[in-house]
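Enquirer: Got a structure here, written out as structure tokens. Questions coming.
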Amino acid sequence: MQRIIKFRGKSVADGAWVYGDLIHMKGRKMAIWPTEEQYNGGAIEVIPASVGQYTNSRDCFKKEIYEGDVVRQKWEATVLDEHDDAYSAKGTQTGIVVLRTRGVCMSPCLKENDLTEDALLTKNVPVTGWRSEIIGNTTDNPSLFEEICNP
């Protein structure tokens with residue numbers, strides 16, 4: 001499978017999402033050269049804070065996952081207690097998608113599922129596309145993640 005390298009960002013001109021190749025310009029400005037075949041103009045300046053790279057993953061609805069997306073991921077595990085009794089545990093984690101050296105991760109909300117200090121999650125949890133659902137992004141919904149973590 002060939003890795004696809006593309007970016008998205010919000011247009012400075014009209015606020016529409018633009019998808020394509022990232023261009024760094026003078027003055028810390030950024031633009032995206034659209035890859036959509038129906039577009040035949042030049043590069044479009046985008047809001048730098050809105051730029052996110054495609055992760056080469058899709059969520060459970062086949063929607064492309066980008067950096068800055070807020071995803072909800074289901075998990076299931078078999079847990080052994082102190083008496084060696086096994087039971088199943090299920091839950092969800094919600095986090096902001098980030099790219100790290102170890103791959104596509106999310107920075108999760110540590111207050112979900114009534115976690116205690118003894119059961120805190122790691123800072124970065126690997127994202128599994130087929131178990132994930134995009135519920136928003138940090139550009140269109142800047143307070144979404146905070147609202148989920150602090151209901």
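Enquirer: From the list ILE96, ILE148, pick out the single residue that is surrounded by 16 or more Cβ atoms within 10 Å (Cβ to Cβ), of a type in the set (Val, Ile, Thr) and at pLDDT below 85. Can you show your working first?
Expert: Working: ILE96 fails: at pLDDT below 85.
Of ILE96, ILE148, the one residue that is surrounded by 16 or more Cβ atoms within 10 Å (Cβ to Cβ), of a type in the set (Val, Ile, Thr) and at pLDDT below 85 is ILE148.
Enquirer: Here's something else I'd like to know. List every residue pair whose Cβ atoms lie under 9 Å apart, where the two residues are 6 or more positions apart in sequence or sit on different chains, the first residue falls within the stretch 70-94 and is free of Cβ contacts under 8 Å to residues at least 24 places away in the same chain, and the second residue, located anywhere, is acidic (Asp, Glu) and surrounded by 15 or more Cβ atoms within 10 Å (Cβ to Cβ).
Expert: From the stretch 70-94, the pairs are GLY91/GLU112; THR92/GLU112.
Enquirer: Check off (1) modelled with pLDDT under 80; (2) outside any loop (DSSP other than H, G, I, E, B); (3) among the hydrophobic types (A, V, I, L, M, F, W, C) for MET106 and give me the number that stays unchecked.
Expert: Single failed check for MET106: (1).
Enquirer: Any idea how many residues of the stretch 14-30 are in a loop (DSSP other than H, G, I, E, B), farther than 19 Å from ASN141 by Cα and among the aliphatic types (A, V, I, L, M)? Show your work before the answer.
Expert: Restricting attention to the stretch 14-30, the residues satisfying the condition of being in a loop (DSSP other than H, G, I, E, B) are 14-16, 25, 29.
Among the residues that remain, those that are also farther than 19 Å from ASN141 by Cα are: 25, 29.
Of the ones still in play, those that are also among the aliphatic types (A, V, I, L, M) are 25.
Within the stretch 14-30, residues that are in a loop (DSSP other than H, G, I, E, B), farther than 19 Å from ASN141 by Cα and among the aliphatic types (A, V, I, L, M) number 1.
Enquirer: Here are the criteria: (1) among the hydrophobic types (A, V, I, L, M, F, W, C); (2) part of a strand (DSSP E or B); (3) touching a residue at least 24 places away in the same chain (Cβ under 8 Å). Tell me which single one TRP33 does not satisfy.
Expert: Against the list (1) among the hydrophobic types (A, V, I, L, M, F, W, C); (2) part of a strand (DSSP E or B); (3) touching a residue at least 24 places away in the same chain (Cβ under 8 Å), TRP33 comes up short only on (3).
Enquirer: Among the listed residues THR139, THR101, THR122, identify the single one that is surrounded by 14 or more Cβ atoms within 10 Å (Cβ to Cβ) and either over 18 Å from ASP59 (Cα atoms) or at pLDDT below 80 (or both).
Expert: Working: THR101 fails: surrounded by 14 or more Cβ atoms within 10 Å (Cβ to Cβ); THR122 fails: surrounded by 14 or more Cβ atoms within 10 Å (Cβ to Cβ).
None of the other options fit; the residue is THR139.
Enquirer: Sticking with this one: So, in the stretch 49-82, of the ones that are over 13 Å from the mean Cα position of the chain (by Cα) and in a loop (DSSP other than H, G, I, E, B), which residue ends up surrounded by the fewest Cβ atoms within 10 Å (Cβ to Cβ)?
Expert: First pass over the stretch 49-82, keeping only residues over 13 Å from the mean Cα position of the chain (by Cα): 49, 60-62, 74-82.
Within this subset, residues satisfying the condition of being in a loop (DSSP other than H, G, I, E, B) are 60-62, 81-82.
On the way: CYS60: 16, PHE61: 8, LYS62: 8, ASP81: 8, GLU82: 5.
Among those residues, the one meeting the criterion is GLU82.
Enquirer: Can you spot a residue in the stretch 84-93 that is at pLDDT 75 or above, surrounded by 13 or more Cβ atoms within 10 Å (Cβ to Cβ) and among the small types (Gly, Ala, Ser)?
Expert: Yes, the stretch 84-93 contains at least one residue that is at pLDDT 75 or above, surrounded by 13 or more Cβ atoms within 10 Å (Cβ to Cβ) and among the small types (Gly, Ala, Ser).
The values are calculated or read from the model by the stated rules, or taken from the named source; none is laboratory data. This structure is a prediction, so every number in the text was calculated from the model and none was measured. With ideal geometry, Cβ positions are generated from the backbone for all residues, glycine too; neighbour counts draw on all protein chains shown.
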